[in-house]
1. One residue is enough: does segment 334-341 have a residue meeting the conditions modelled with pLDDT of 85 or more and part of a helix (DSSP H, G or I)?
2. How about segment 42-80: which of its residues are over 29 Å from residue 129 (Cα atoms) and of a type in the set (D, E, K, R)?
3. State whether one or more residues within segment 64-78 are more than 23 Å from the chain's Cα centre (by Cα) and assigned to a loop (DSSP other than H, G, I, E, B).
4. Can residue 282 be described as of a type outside the set (Val, Ile, Thr), free of Cβ contacts under 8 Å to residues at least 40 places away in the same chain, in contact with a Ser or Thr (Cβ under 9 Å, 6 or more places away or on another chain) and closer than 30 Å to residue 308 by Cβ?
5. Go over the candidates 81, 92 one by one and state the one that is farther than 24 Å from residue 167 by Cα, touching a residue at least 40 places away in the same chain (Cβ under 8 Å) and charged (D, E, K, R).
6. Could you run through segment 299-310 and say how many residues are surrounded by fewer than 18 Cβ atoms within 10 Å (Cβ to Cβ) and not in a loop (DSSP other than H, G, I, E, B)?
7. Give 223, 239, 197 a once-over and let me know the one that is assigned to a helix (DSSP H, G or I) and over 25 Å from residue 172 (Cβ atoms).
8. So, residue 108, is that one touching a residue at least 60 places away in the same chain (Cβ under 8 Å) and farther than 22 Å from residue 132 by Cβ or not?
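The values are calculated or read from the model by the stated rules, or taken from the named source; none is laboratory data. The structure presented is a predicted model; accordingly, all values stated were derived computationally and were not measured. As a convention, Cβ positions derive from the backbone with ideal geometry for all residues, glycine included, and neighbour counts pool all protein chains shown.
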Amino acid sequence: MSRKPRVEKAGFYHIINRGVARTNIYLCDDDFFRFLEIVQEASDEYRFEIYSFALMSNHYHLLIHMSDTNLSSALQKINSRYSIYFNNKYKRVGPLWQGRFKSWYVYDESYLKSLIKYIEYNPIKANMTQSIGECKWTMSSKYTEFTMLNYEMLDNIELSKELNEDELKKIDKLHHAKIEFKDDTVVKKEKHDLKSYFIASDSKERAIFKALCDRYTQKEIGYYLGLSHVAISKIVRIYKQKVKLFNKLRNKGIFWSYRKDVTYDEVGMGLFIEYLLKYGDFDNIQLGFELFGKRVMKEVWEKKLKADKSFIKTNLMLARVFFGMDVESDYFKEVKIERFEKLKLLT
């Protein structure tokens with residue numbers, strides 16, 4: 001599946017990035033300080049401010065306010081510059097970060113105070129310190145002085161009390177919200193009724209996947225369908241494998257008569273299996289049987305391919321290897337095309 005583009009809009013973002021395999025990315029105070037220097041350099045270049053930060057041993061949190069729509073460029077530069085510094089210093093090779101940074105657009109500023117508390121409490125949650133401000137690599141410690149740091153909100157928040165249940169729910173809601181643009185404004189996208197996904201789609205697996213993308217949980221979907229979350233997980237895993245196989249064959253040019261970015265859902269299961277049987281190599285066909293099942297594959301074969309005289313060798317291989325039929329090539333020369341026979345009768 002292709003990655004969804006990030007929201008690129010001026011405003012507040014909560015950023016998290018971790019070391020590869022959760023390994024430590026700061027090994028001494030100089031490393032922490034150098035990371036903040038690099039963030040400051042990026043701030044000067046990309047015009048953003050930091051309203052809260054917490055640098056942990058193997059990951060970091062930033063609450064960043066972007067003035068322009070250049071979040072990805074700014075974070076890419078920060079991560080790249082620090083990775084070069086760290087690898088050179090410690091004579092290591094390979095990626096430092098586990099992947100793309102995670103970002104959440106703060107679509108409602110009422111979340112900001114809870115988010116700042118959440119970030120500043122990270123060292124306490126990790127049992128590194130006992131109270132806010134003790135960890136010098138958090139903004140609340142005021143240990144460092146950089147022009148990018150904006151204390152306006154932090155200084156007006158009561159940090160002595162831990163996050164309460166309502167504040168934790170707010171953070172969870174923010175991190176799981178799906179957002180959209182309305183009149184050039186980013187707003188939270190409301191969930192559709194779960195029933196609507198299955199009414200609108202003729203494919204249960206596609207409906208399940210779309211509901212998951214829209215932030216329904218496997219448990220919620222399983223309860224609606226009367227299935228366990230394990231069964232839902234298996235359906236989604238197989239669906240993703242089908243899409244991956246389709247994309248692999250599409251990129252090889254098998255669907256040459258369609259546009260280059262045609263999707264599995266647009267082509268449909270039946271046509272995909274037909275093309276897979278006609279033009280896929282042995283390993284791909286074998287994977288198709290694992291994903292779609294013998295019964296479905298045979299139904300498409302008998303309807304679309306079995307009587308096609310252009311694919312006698314392919315049909316013979318499929319019949320013998322996959323369907324256990326003891327036949328010779330002459331068998332397919334005598335198979336009549338059902339549609340042609342019906343047209344003859346009508347004539």
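1. no
2. The answer is 44, 45, 47, 68, 77.
3. Taking segment 64-78 first, the residues more than 23 Å from the chain's Cα centre (by Cα) are 65-68.
Cutting the leftovers down to assigned to a loop (DSSP other than H, G, I, E, B) gives us 67-68.
Checking segment 64-78: at least one residue is more than 23 Å from the chain's Cα centre (by Cα) and assigned to a loop (DSSP other than H, G, I, E, B).
4. no
5. 81
6. The number of residues fulfilling the criteria is 6.
7. 239
8. Yes; evaluated as a whole, the condition is true for this residue.
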